[in-house]
Amino acid sequence: MDIAPYALQLFSGLSRAMVLFLLSAGLSLIFGVMNILNFAHATLWLLSGYVTFSIFTFLSQQFGVSPWLLLPAIAGAVALMSLFGFALERLLIRHTYERELPEQLLLTFALVLILGDVIKLIWGLENRRINLGVRPIEMLDTLVNPYQFVIIGTGFAVAVGLWLFLQRTRFGKIVRAAVYSRSMVSALGIRIPMIYASVFALGVGLAALAGGVFLPLLPMALGVDLDIIVQCFAVVVIGGFGSMLGTFVASIIVGIVYSFSILFWPDGALAMIFLIVIAVLIVRPWGLFGTELRS
Amino acid sequence: MPMPCLELANIHTYYGTSHILFDVSLEINEGESVCLLGRNGAGKTTTLKTIMGLAKGKGGAIRFNGASLLGREPYEIAQLGVGFVPDERLIFPDLTVRENLEIAVKKGRGAAAPWTVERVYELFPVIEPLDRRLGGYLSGGEQQMLTIGRTLMGNPSLLLLDEPVEGVAPVVVQELTRQIKNLKGMGLTILFAEQNMHFAADVSDRAYVIEKGRIRFQGSMQELAANEEVKSKYLMI
Ligand SMILES: Nc1ncnc2c1ncn2[C@@H]1O[C@H](COP(=O)(O)OP(=O)(O)OP(=O)(O)O)[C@@H](O)[C@H]1O
Ligand SMILES: [Mg+2]
């Protein structure tokens, strides 16, 4: 048996899983703390990709082309996008917390369209991608893009870092407490509006990181965001809202199922994912690792 | 004359379109311990939540040490020195007992003798050995002590206690009663929401009786004890 195609799909599935994790972790935190379903999350990710591209291009013009410039480009994009996320929450998102669900969805969906137009306006319709010029390496009798391992490694590292952050820091503890009861957190004198804005900034920052590390592998293109946000929703439903471990495991499930379906049934990748979603909703509506929501 | 510490004047509270509190007025002096008595659904919790900013009051005014509380967010009201102990307790289940206390610590307030985790353990020795236990794994009595301790960590000068002995074993009720009297001895002003007349009589100086969102009686505990009409009409005693 030739295992090469399977290995290739495994690596690309895991890379996709890491991107899904970075996005879904933010999505799930934002939902857990503010009870808002942010439709625009993947569009912010897309925008971050373009921003990273522009910083990278600028730095290349200044200092000459080098793949290492991707690091400052990603750092810059993460910083800028986190600030943007913070401002977005303060100026726009926070006004919807007391509103009905349809209004919340309308606002974040409007953001999808607006940010999409902003991208079109600034970067045009052309796809953007960074070519790092890394050479494929030979593994298992086939050629593998070693950059995939960078993505997988980054994903794991961020997952561990995020877990430690939520577990150990005061901010992390406040976030976990707020997922349980934000009104109690507020009644204890903690400035909850700052927590909301920071959580939103953190979520957008994680998305920006995903956008940056993804850029050398696949081009950023208009419309990809909708494809990804659908998969992120699948991840949080399968893993359970509010559970980081669940989000991580579900990202791997969705990423791998997606890339293996492409091998066997190219058109059925999304269908396969939604079969799993439906199965989870029937058996454990609160997700594999989630806890039943309090009323 | 003692200083009025908390004052509600003609407050109305709504949940959505349902009108819950009608023209509620009450006053608590500094260092006093006052109970708000009433049956299930009378509006006790809603009154406390309205003071805390967790339910939106309308109409007259709510003043605390001269500051107006109406329209303020709960965290601002807490920072002014009001502490709320909810009857649902809302212990954060995946934080340890110590973390539940530490999360509520506030610098700068009540500078004289600020509350620390160790002082809370001194007041409630029962929860000290549970220091590293997750909040989700506590008995009712332990939860109640932790909830009170957590609120104390913010160094409040006014404590709003919502049915603190509800669902707590009788032995623990005695202990809690002693500790609450202890807090009163330290000079804290306390407003209880209560159904339990015996507990209320034991810990409070004055009473308000609320029924269907309206204040029906106010007076000393002795006056209430002597008033059979109020007791049978509004308290089912
Ligand atoms: N979130 C809410 N939405 C709508 N109505 C509510 C809500 N919370 C309470 N109520 C109603 O408001 C009224 C007063 O409730 P409240 O909880 O203040 O009573 P209570 O005196 O604390 O009762 P208990 O002794 O059962 O705790 C009740 O009729 C209750 O059904
Ligand atoms: Mg109540």
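The values are calculated or read from the model by the stated rules, or taken from the named source; none is laboratory data. Quantities reported herein were computed from a predicted structural model and do not represent experimental measurements. So basically every Cβ, Gly included, is an ideal-geometry build from the backbone, and we count neighbours across all protein chains shown. We work out accessible area using only protein heavy atoms, side chains counted, and drop any ligands, DNA or RNA first. Shrake-Rupley method; radii C 1.70, N 1.55, O 1.52, S 1.80 Å.
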Inset, instruction - Taking the residues in region B:180-197 that are more than 14 Å from the chain's Cα centre (by Cα) and more than 16 Å from ligand 1 (Cβ to nearest atom) as candidates, determine which candidate is nearest to B:M145 (Cα to Cα). - result: B:N182
Inset, instruction - Test B:I11 against the criterion of being at negative phi, open to solvent by less than 20 Å² (accessible area, probe 1.4 Å), away from ligand 2 (no atom under 16 Å from the Cβ) and part of a strand (DSSP E or B), and give yes or no. - result: yes
Legend entry - Cross-chain or 6+ apart pairs with Cβ under 7 Å, region A:180-194 first and more than 7 Å from chain B (Cβ to nearest Cβ), then among the aliphatic types (A, V, I, L, M): A:R182/A:V33; A:R182/A:I192; A:V185/A:I174; A:V185/A:A177; A:V185/A:A178; A:V185/A:I192
Legend entry - Identity of the residue in region B:18-62, open to solvent by less than 10 Å² (accessible area, probe 1.4 Å) and polar (S, T, N, Q), that ends up nearest to ligand 2 (Cβ to nearest atom): B:T47
Inset, instruction - All but one of (1) away from chain A (no Cβ under 14 Å); (2) away from ligand 2 (no atom under 13 Å from the Cβ); (3) assigned to a helix (DSSP H, G or I) hold for B:C5, so report the exception by its number. - result: (3)
Inset, instruction - Select from region B:80-97 the residues that are surrounded by fewer than 19 Cβ atoms within 10 Å (Cβ to Cβ) and in contact (Cβ under 8 Å) with a residue 12 or more places away in the chain and write down the one among them that is nearest to B:N40 (Cα to Cα). - result: B:D87
Inset, instruction - Assess whether B:R206 counts as being of a type outside the set (A, V, I, L, M, F, W, C), under 25 Å from B:L21 (Cα atoms), in contact (Cβ under 8 Å) with a residue 60 or more places away in the chain and more than 15 Å from ligand 2 (Cβ to nearest atom). - result: yes
Inset, instruction - Would you check if A:F165 is open to solvent by 60 Å² or more (accessible area, probe 1.4 Å) and in contact with a helix residue (DSSP H, G or I) (Cβ under 7 Å, 6 or more places away or on another chain)? - result: yes
Inset, instruction - Looking only at region A:196-209, decide whether some residue is more than 18 Å from the chain's Cα centre (by Cα), open to solvent by 10 Å² or more (accessible area, probe 1.4 Å) and aliphatic (A, V, I, L, M). - result: no
Legend entry - Count of residues meeting criterion [facing chain A (nearest Cβ under 9 Å), over 10 Å from A:I174 (Cβ atoms) and hydrophobic (A, V, I, L, M, F, W, C)] in region B:92-103: 0
Legend entry - Tally of residues being hydrophobic (A, V, I, L, M, F, W, C) and open to solvent by 10 Å² or more (accessible area, probe 1.4 Å) across region A:5-59: 16
Legend entry - B:M236 vs. criteria at pLDDT below 95, out of contact with any Cys (no Cβ under 8 Å at 6 or more places or on another chain), farther than 30 Å from B:N100 by Cα and not acidic (D, E): yes
Inset, instruction - Return yes when A:S243 is hydroxyl-bearing (S, T, Y), more than 21 Å from B:G149 (Cα to Cα) and away from chain B (no Cβ under 14 Å) and no when it is not. - result: no
Inset, instruction - Say whether the condition of being more than 21 Å from the chain's Cα centre (by Cα), farther than 16 Å from A:L215 by Cα and open to solvent by less than 70 Å² (accessible area, probe 1.4 Å) is met by at least one residue in region A:67-84. - result: no
Legend entry - Any chance B:P86 is of a type outside the set (A, V, I, L, M, F, W, C) and modelled with pLDDT under 95: no
Inset, instruction - Give the residue that is modelled with the lowest pLDDT, with candidates limited to residues of region A:219-239 that are in contact with a Lys or Arg (Cβ under 7 Å, 6 or more places away or on another chain) and open to solvent by 10 Å² or more (accessible area, probe 1.4 Å). - result: A:P219
Inset, instruction - Kindly check whether there is at least one residue in region A:199-211 that is β-branched (V, I, T), modelled with pLDDT under 95 and under 23 Å from A:A79 (Cα atoms). - result: no
Inset, instruction - Could you grab me the full set of residues in region B:227-237 that are open to solvent by 80 Å² or more (accessible area, probe 1.4 Å) and out of contact with any Lys or Arg (no Cβ under 6 Å at 6 or more places or on another chain)? - result: B:E228, B:E229, B:K233, B:M236
Inset, instruction - Name every residue in region A:155-179 that is basic (K, R) and within 7 Å of chain B (Cβ to nearest Cβ), in order of residue number. - result: A:K173, A:R176
Legend entry - Filter pass, A:I137 being more than 14 Å from chain B (Cβ to nearest Cβ) and within 21 Å of the chain's Cα centre (by Cα): no
Inset, instruction - At least 2 residues that are open to solvent by 30 Å² or more (accessible area, probe 1.4 Å) in each: list the strands (runs of 3 or more DSSP E) lying fully within region B:120-218 that qualify. - result: B:206-211
Inset, instruction - Identify, by number, the condition in (1) away from ligand 1 (no atom under 14 Å from the Cβ); (2) within 14 Å of chain A (Cβ to nearest Cβ) that B:K49 doesn't meet. - result: (1)
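Residues are listed down the side, and each one gets a yes or a no for (1) of a type in the set (S, T, Y); (2) within 12 Å of ligand 1 (Cβ to nearest atom); (3) modelled with pLDDT of 95 or more:
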{"residue": "B:P4", "(1), (2), (3)": "no, no, no"}
{"residue": "B:G16", "(1), (2), (3)": "no, yes, no"}
{"residue": "B:H19", "(1), (2), (3)": "no, yes, yes"}
{"residue": "B:I28", "(1), (2), (3)": "no, no, yes"}
{"residue": "B:L36", "(1), (2), (3)": "no, yes, yes"}
{"residue": "B:G59", "(1), (2), (3)": "no, no, no"}
{"residue": "B:R63", "(1), (2), (3)": "no, no, yes"}
Legend entry - Condition check for A:G116: surrounded by 12 or more Cβ atoms within 10 Å (Cβ to Cβ), touching a helix residue (DSSP H, G or I) at 6+ places or on another chain (Cβ under 9 Å) and more than 14 Å from chain B (Cβ to nearest Cβ): yes
Legend entry - Any chance A:V237 is at the interface with another protein chain (Cβ under 10 Å from one of its Cβ atoms) and over 13 Å from A:L22 (Cβ atoms): no
Inset, instruction - For region B:66-78, indicate whether the set of residues that are within 16 Å of ligand 1 (Cβ to nearest atom) and open to solvent by 40 Å² or more (accessible area, probe 1.4 Å) is non-empty. - result: no
